[in-house]
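The values are calculated or read from the model by the stated rules, or taken from the named source; none is laboratory data. For clarity, every value in this text was computed on a predicted model and none was experimentally measured. No Cβ is skipped: glycine too gets one built from the backbone with ideal geometry, and neighbour counts run over all protein chains shown. For accessibility, only protein heavy atoms count, side chains too; no ligands or nucleic acids. Shrake-Rupley method; radii C 1.70, N 1.55, O 1.52, S 1.80 Å.
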Amino acid sequence: MSAESTCARPGQSIVTKIDKLPVPKTLTLETAHKSKEGLDLEVHVLAELLPGPGLVKRGYVKPNIPGFGAFELRCDEGTSIGGTDTAPAPLSYLAAGIAFCFLTHLKGYAEIENLKVSSIRIEQRMKFQSRIPGMTTAKDASRHMVGLSKGVETFVHIESDETPATIALMVKVAEKACMAAQTVVNAVPASTIVINNGEGI
């Protein structure tokens, strides 16, 4: 990833399709593996803060599945915490990703089962609590910085000629199939490795 001073500006493309991911320094780009148990896949992300004031980030993302392209994304924060509000915030991408993934599986189930569904719309609220300077009344917030997820509330609006029981089953199956939703609903393993000046610490 290059380090030229580039800031998101009004009118600048926030999402751009690119030929391939930049070469990562440490991350190994694995390939997806299909077995009788299912498809083991990964989404590879490279992200960096751009030089200069503000909180503009540039990211590159690509699932390791054939037929899924690579994209460059811009991300920012709101002006209340030092951003310039020129691109979606990280939590906006997270929330939208869950809703989009859910819609994919809802439509997929409807098509597999040949259900008569004319429209599907999701309205979703993700609840968080941020305990960082500027977001809390505590005077020593920097000593106790923490972010909390406090739940997801989802409304699925469906127009269909199918029975309520059929639609309820469709939603239940799609919700379980939605990997993005399951990531926040269930505890998942996570690890963080710090590379400081080229050396792990």
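CYS101 - would you say it is within 12 Å of VAL56 (Cβ to Cβ) and touching a helix residue (DSSP H, G or I) at 6+ places or on another chain (Cβ under 9 Å)? Taking the combined requirement at face value, the residue does not satisfy it. Residue count for the stretch 63-81 satisfying the condition of being open to solvent by 20 Å² or more (accessible area, probe 1.4 Å), touching an Asp or Glu at 6+ places or on another chain (Cβ under 9 Å) and farther than 13 Å from VAL43 by Cα: 3.
If you check LYS17 against the conditions, is it within 30 Å of ALA177 (Cβ to Cβ) and modelled with pLDDT under 95? No, not satisfied.
Restricting the stretch 30-61 to residues that are without any contact (Cβ under 8 Å) to a residue 40 or more places away in the chain, assigned to a loop (DSSP other than H, G, I, E, B) and not acidic (Asp, Glu), the residue that is most open to solvent (accessible area, probe 1.4 Å) is LYS36. Would you check if there is a residue in the stretch 78-98 being modelled with pLDDT of 95 or more, among the hydrophobic types (A, V, I, L, M, F, W, C) and under 30 Å from THR163 (Cβ atoms)? Checked the stretch 78-98: at least one residue is modelled with pLDDT of 95 or more, among the hydrophobic types (A, V, I, L, M, F, W, C) and under 30 Å from THR163 (Cβ atoms).
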